[in-house]
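Remarks on the structure that follows.
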Amino acid sequence: MKRAIRSQSHLRRFLGLPESRDSSANVAERFPTFVPLELASRIRPGDPGDPILRQVLATSDELVEQPGFIDDPVGDLDADAGGGVLHKYAGRALIVTHGACAVHCRYCFRREFPYSQNSSRLQYWAPAVEYIRSDASVDEVLLSGGDPLTLTDGALDRLVGRIESIPHVRRLRIHTRLPIAIPQRITPDLVDRLARSRLSVWVVIHANHANEIDENVGSAISALKRAGISLLNQSVLLSGVNDDAKVLADLSTKLINLGVQPYYLHQLDQVRGASHFWVDIERGKQIIGELRDSLPGYAVPKYVIEHAGEKSKTPIA
Ligand code: SF4
């Protein structure tokens, strides 16, 4: 992460793209650029339409104010149970493990999230762990963020150990883009720690396009798979990235070949600054229909939307 590209001009230079005259610099100040070299190396040099580039390149489109696109589109702040825990759904509690991410995705639904007020990391997660210990209905803990795998192996080990010490917790779900962004983060020690857990461990990777998955990503995923860890993928339907049945079929095929189940295709959360990624829901339904015609059923993700305050994601098609 220390070597990551941290400015729009560096990213453009790296890819042989001309400097832009739009106001992307102002945009990138609000939500800074962060692109690891490992991911940047999968972007086609000189191609402004590259589907990975579109996910990480700030543009003046982010300055467009669209009605309905707001700071907290999924009601995270209303679900804040204190101590860095978001408790939205029955049986599951989410720990905002860390504010850092291995890549800054321009469509991120938490791009305006007040991480500094919501992580209990500085207190070694004691408030979060106590909250979960006191609620016997919680049998699944999600580690999210930011990206929980930005923690060191030691910090993660301590956190997982504390969660394992709560008898009513049976499952651990880790939401991370690190296997995609910097696949070498999936170290043998990390794999071993997760494999040793008494909890049933699920890792949800977040890939949106088949180009994100190269040989190194495949090796990282295979290491997790061999260790008996269950793997799911979530994608966001993004205009100009994956709003095409062939593109999503290629992604699903790559995922199932690696033993990762395509789990959700999310309708974009309406966060301020991301309206240019919006895909019409009717178009999304059409794409899902085309995927059903070409893939085995288990390779077709559930097309869902999240409405703030609802008890689950809402299926669209
Ligand atoms: S990795 Fe996830 S939380 Fe981090 S910027 Fe990307 S979408 Fe947002």
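No lab work stands behind these numbers, since they all come straight from the coordinates. Owing to the predicted nature of the structure, the values given are computational and were not obtained by experimental measurement. Note that we place each Cβ from the backbone using ideal geometry, even for glycine, and neighbour counts take in every protein chain shown.
I need the phi-derived Karplus couplings for the stretch 264-281: 6.51 cos²θ - 1.76 cosθ + 1.60, θ = phi - 60°, integer Hz, Gly and Pro marked x.
10, 10, 8, 5, 3, 6, 7, 8, 3, x, 10, 5, 6, 8, 5, 10, 4, 4
From the backbone phi of the stretch 93-103, what are the Karplus-calculated ³J(HN,Hα) couplings (6.51 cos²θ - 1.76 cosθ + 1.60, θ = phi - 60°) in whole Hz, Gly and Pro given as x?
With the stated coefficients, the stretch 93-103 comes to 10, 10, 9, 6, 6, 7, x, 7, 10, 7, 7 Hz.
Counting Lys and Arg as +1 and Asp and Glu as -1, each charge on the Cβ, what is the dipole of the stretch 8-63 about the Cα centre in debye, to the nearest 20?
Working: 7 positive and 8 negative charges, 27 e Å.
Computed charge dipole of the stretch 8-63: roughly 120 debye.
Give the peptides 36-46, 83-93, 258-268 in descending order of average Cβ contacts within 10 Å, highest first.
With the highest mean Cβ count within 10 Å placed first, the list reads 258-268, 83-93, 36-46.
Within a 10 angstrom radius of the beta carbon, how do S134, S144 rank from fewest other beta carbons to most?
Numbers: S134 9, S144 18.
By the 10 Å Cβ count, ascending, the order reads S134, S144.
Helix 215-226 against the longest principal axis of the chain: what's the angle in degrees, Cα atoms only, rounded to the nearest 10?
With rounding to tens, the tilt is 20 degrees.
Determine the calculated [θ] at 222 nm for the chain from helices alone, applying -39500 (n - 2.57) to every DSSP H run no shorter than 4 residues and normalising by the residue count; nearest 500 deg cm²/dmol.
Calculated at 222 nm, the ellipticity per residue is -8500 deg cm²/dmol.
What number comes out for the charge environment of S137, summing +1 per Lys or Arg and -1 per Asp or Glu over other residues with Cβ under 14 Å away?
Net of charged neighbours comes to +3.
Over the chain, with a Gaussian network built from C-alpha contacts below 10 Å, which listed residue (F109, F69, F277) shows the highest mean-square fluctuation?
F69
Using amide H atoms built 1.01 Å from N in the peptide plane, name the residues 5+ places from G145, or on other chains, whose amide H lies under 5 Å from its own.
T97
Rounded to the nearest Å, what's the spacing between the alpha carbon centres of the stretch 184-226 and the stretch 257-317? Just the number, please.
23 Å
Which length gain, in nm to one decimal place, applies between S165 and E65 when the Cα-Cα distance is subtracted from 0.36 nm times their residue separation?
31.4 nm
Which value, in debye to the nearest 20, gives the size of the charge dipole of the stretch 92-234 about its Cα centre, when Lys and Arg are +1 and Asp and Glu are -1 at the Cβ? Working shown, then result.
Values: 18 positive and 14 negative charges, 39 e Å.
So the dipole magnitude of the stretch 92-234 works out to roughly 180 debye.
Using amide H atoms built 1.01 Å from N in the peptide plane, name the residues 5+ places from Q261, or on other chains, whose amide H lies under 5 Å from its own.
Counting only residues 5 or more places away or on other chains, the set is L231, L232, N233.
For the stretch 296-305, in order, what is each residue's ³J(HN,Hα) by Karplus, 6.51 cos²θ - 1.76 cosθ + 1.60 with θ = phi - 60°, in whole Hz (x at glycine and Pro)?
With coefficients 6.51, -1.76 and 1.60, one gets x, x, 6, 9, 9, x, 6, 8, 9, 10 Hz.
Taking +1 at the Cβ of each Lys and Arg and -1 at the Cβ of each Asp and Glu, which of G16, W125, S239 sits farthest along the dipole of the chain towards its positive end, judged by Cα position relative to the Cα centre?
W125
Report the residue, chosen from T253, T187, T33, that carries the largest GNM mean-square fluctuation when the chain is represented by alpha-carbon nodes joined by springs under 10 Å.
Evaluated over the chain, the most mobile residue of the options is T187.
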